[in-house]
Amino acid sequence: MTDKHKHGLTLEDVQMIIGRGVLDESFRKEFIADPEDVVKRLGISVDEDGSAVDLLKAISAVFDGRADVQAAMSDIRKAYEVSSDGVIRPRCA
C-alpha cells in the first residue's frame with residue numbers, strides 16, 4: 001500500500017474513477033463487476049477501509065443504473081467524507 005492511500009481514497013482518486021467510468025465503457029463494466037479489484041490494479045488499496053469499499057459500491061451502483069443519481073451523490077459524498085480527511089480541496093488551475 002502506498003502512503004498516498006493509507007488514509008482512504010483521495011478526491012483525485014474519486015474523480016479519476018468517476019471520469020473513467022463515464023468515458024470508458026470497458027472500465028465501467030469491469031468496475032461494476034469488481035470495484036475493489038479494479039482500484040487495486042490502479043494502485044489504490046482499500047483492503048482495510050470499509051468506508052472506502054462503501055464508496056466504491058455507491059459509485060458502482062450509479063454506473064450500473066441501480067441507484068438514483070441524486071440519492072447516490074449523497075451516499076457517495078457521505079462515504080467519501082468518512083473515508084478521507086473530509087476536506088474537499090479546490091483544484092489548481
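Bear in mind that the values in this text are calculations on the coordinates, not laboratory data. Model, not experiment: these values are computed from the prediction. Every residue, glycine as well, gets a Cβ built from its backbone with ideal geometry; the counts of neighbours run over all protein chains shown.
Just a few scattered comments:
- Note on V82 and E25: the model spin-label points, each 7 Å out from Cα along the C-beta direction, lie 3.4 nm apart.
- 3J(HN,Hα) couplings calculated from phi for the stretch 58-73 with the Karplus curve 6.51 cos²θ - 1.76 cosθ + 1.60 (θ = phi - 60°) are, in sequence order, 5, 5, 4, 5, 5, 4, 8, x, 7, 10, 5, 4, 5, 5, 5, 4 Hz; Gly and Pro show x.
- Label sites at E48 and L11, each approximated as a point 7 angstrom past Cα along Cα to Cβ, lie 2.6 nm apart.
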